[in-house]
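Just below is one structure, and these are the notes that go with it.
No lab work stands behind these numbers, since they all come straight from the coordinates. Fair warning: this is a prediction, and the values are worked out from it, not measured in the lab. Virtual Cβ from ideal backbone geometry, glycine too; neighbours counted across all protein chains shown.
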Amino acid sequence: MKNIFKNTIINKISKIAVENNFDVFLVGGYVRDRILELPSTDIDFMVLGDATEFAESAAKQLKTNLDAVYKKFGTALINYKEYKLEFSSARKESYKKDSRKPKIEFSNLEDDLSRRDFTINALAVPLSNPEKIIDLFDGLKDIEKKVIRTPLDPERTFDDDPLRIMRAIRFASQLEFQIEPETFSAINKMAYRLKEDKVVSQERITNELILILKSKKPSIGLDLMYLSGVMDYVFPEISTMAGVDQTSAYHHKDVFHHTLQVVDNTAKISDDIWLRFAALVHDIAKPKTKRFVEGTGWTFHGHSEIGARMIKKIFNNLKLPLNKLNYVEKLIRLHLRPIPLSEEGVTDSAIRRLAAEAGEELPDLMKLCRADITSKNPEKMKRFIANYDKIEKRILEVQEKDDLRNFQSPVRGEEIMEICNLHPSKAVGTIKKAIEEAILEGIIPNEYDAAKEYLYKIKDDILNNIK
Ligand code: ATP
């Protein structure tokens, strides 16, 4: 049988280890992923002795260069073909309360494996004998049982480096593993450390949150964040959705559990994490806007607009890339707009308006709307899906008629200024808007000649009114 820890690059590194007289082991995520039969191109090597020296010899023999080297930490990186090869000296770590950056001493194999976060990540395979897996903490059994557990005392593990809390939940979500109960209660107890001043950087926390959103079923990680109390510290706006009842003709779950299902629904149809993120926050303002109306039940008036306005602060807090802000805001702002468009008698102009406002985001908006259907009633489910089918068909029809993607007046500002003898001013914008409105209302077609003719017709009225 083919050994799962042998491939061309590992064979080359093994040969270099023998020639240079180094003891080298495969460790960490690569070992775990190979056992789980998952693809992996990030390979971690643990070296007894100076890993940077070994990495230098390896780079030379692979006819490449070191891509990074940290002498002080005894680590080095080589990007080789599709692989990321990381070399680290076996080490022992000790922590201070106010930092997750440990004091490092070079040490032996046992110390190195004990400092690792989870038993499933604490396996080592000697390159000199890849048949033999070194398993000091029953990691193999945990892989088999699909369990996340710390090798040493879990409270101490999370106290030392609170980022491990997010990593535990992220691995549980990615691998669909359970967190062992003692490890889980330690997460609960130590969650506050994630937000203690400057212990863990926001970027690292957010990176783990994104990895959770990338998993096949993000609700696993999101729910664990909530159940363990981590969400209260990392993303409190999401925690407050739990327990917000929204029983009505449409919903039977609280807002948080409904949201989890919407995120999973988006994950089934798209790999785009920003669509998944939009799903996570689409009802973010429901707790704020909740009112009880006699005879109607719970209402959430304005939650889409108020929700959209909450997003900038959330992006800043989570240090998310601001170039995605517009997209997420737009999806939240518009997520209820398609619903009434399936009703009888809806005009082309109503459809045009949505298409123009959503612009390039229209297909993703429709994906979010469909994902937002979480009814358990099959009859309703069918009806809602049929409604969206109908809306999408009409959108296509209207778009075919007048191609409204990237919509703007066919008569451009420059020309308006020339015809009306205007300098750049508010009046130019007002005239342009009036032309766009006329197109959206179906008064004129979305064509240059018609728009120009319309401009001549309205310009004097508008300019007199402005004066
Ligand atoms: P992935 O590549 O999916 O993030 P991984 O397990 O390879 O998974 P890395 O961040 O690449 O994760 O880390 C490699 C190994 O280093 C881990 O498997 C683990 O043994 C160890 N490790 C990484 N981060 C920590 C940490 N914060 N605390 C303890 N050990 C860690």
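To the nearest 20 debye, what is the magnitude of the charge dipole of the chain about its Cα centre, counting +1 on the Cβ of each Lys and Arg and -1 on the Cβ of each Asp and Glu? Using Cβ point charges on Lys, Arg, Asp and Glu, the chain gives about 480 debye.
The 3J(HN,Hα) values that the Karplus relation (6.51, -1.76, 1.60; θ = phi - 60°) gives for segment 167-184 are, in residue order, 5, 4, 5, 5, 5, 4, 6, 5, 8, 6, 9, 8, 8, 4, x, 5, 5, 5 Hz. Gly and Pro appear as x. Each peptide in 303-311, 456-464 gets a packing score, the mean of other Cβ atoms within 10 Å over its residues, and the list from highest to lowest is 303-311, 456-464.
Put in order of Cβ neighbour count within 10 Å, fewest first, the listed residues Phe171, Phe300, Phe292 become Phe292, Phe300, Phe171.
Put simply, the amide H of Tyr80, placed in the peptide plane, has neighbours under 5 Å in Leu85, leaving out anything fewer than 5 places away on its chain. Using θ = phi - 60° in the Karplus curve 6.51 cos²θ - 1.76 cosθ + 1.60, the 3J(HN,Hα) couplings for segment 229-237 round to x, 5, 4, 4, 8, 8, 8, x, 4 Hz; x is entered for Gly and Pro. Using 1/(1 + (r/R0)^6) with R0 = 41 angstrom and r between the beta carbons of Leu136 and Asp272, what's the FRET efficiency to the nearest 0.05? For R0 = 41 Å, the calculated efficiency reads 0.50.
Amide H contacts of Gly297 (H built 1.01 Å from N, in plane; Pro and chain starts excluded): no residue 5 or more places away or on another chain comes under 5 Å.
Applying 1/(1 + (r/R0)^6) with R0 = 30 Å to the Cβ-Cβ distance of Lys6 and Glu182, what FRET efficiency is obtained, to the nearest 0.05?
So, using R0 = 30 Å, E works out to roughly 0.25.
Using C-alpha pairs under 8 Å with a sequence gap of at least 6, the mean separation divided by the residue count of the chain gives a relative contact order of 8 percent.
By the equivalent-ellipsoid construction on the alpha carbon gyration tensor, segment 1-139 comes out with semi-axes of 22, 19, 14 Å, ordered largest to smallest. Along the axis of the charge dipole computed for segment 151-302 (Cβ charges of +1 for Lys and Arg, -1 for Asp and Glu, origin at the Cα centre), the listed residues Gln178, Asn265, Tyr192 are led at the positive end by Asn265. Estimated purely from DSSP H runs of n ≥ 4, each contributing -39500 (n - 2.57), the mean residue ellipticity at 222 nm for the chain is -16000 deg cm²/dmol once divided by its residues. Compactness of segment 413-466 was expressed as the Cα radius of gyration divided by 2.2 N^0.38 Å, which yields 1.04. Summarising the amide proton neighbourhood of Ile148: residues at separation of 5 or more, or on other chains, whose placed amide H is nearer than 5 Å comprise Gln178, Ile179, Glu180.
The Cα-based radius of gyration and maximum Cα-Cα distance (Dmax) for the chain are 28.9, 90 Å. So how tilted is helix 51-61 from the main axis of the chain? Cα-based, degrees 0 to 90, rounded to 10. In the chain, helix 51-61 runs at an angle near 80 degrees to the longest axis.
Across every pair of non-identical alpha carbons in segment 258-344, the mean reciprocal distance, once inverted, gives a Kirkwood radius of 13.9 Å. In a fully extended conformation the segment linking Lys426 and Val18 would gain 139.3 nm over its present Cα-Cα distance, using 0.36 nm per residue. Each label was represented as a point 7 Å from its Cα along the Cα-to-Cβ direction; for Lys253 and Ile462 these points are 4.7 nm apart. For segment 92-199, the Cα-based Rg and Dmax, in that order, read 14.3, 45 Å. Label-to-label distance, Leu318 versus Lys97, with points set 7 angstrom from Cα along the beta-carbon direction: 3.2 nm.
Spacing of the modelled spin labels on Glu82 and Thr299, each 7 Å from Cα toward Cβ, amounts to 5.6 nm. Value of Rg to Rh for segment 235-402, rounded to two decimals, is 0.96; Kirkwood radius and Rg both from alpha-carbon coordinates.
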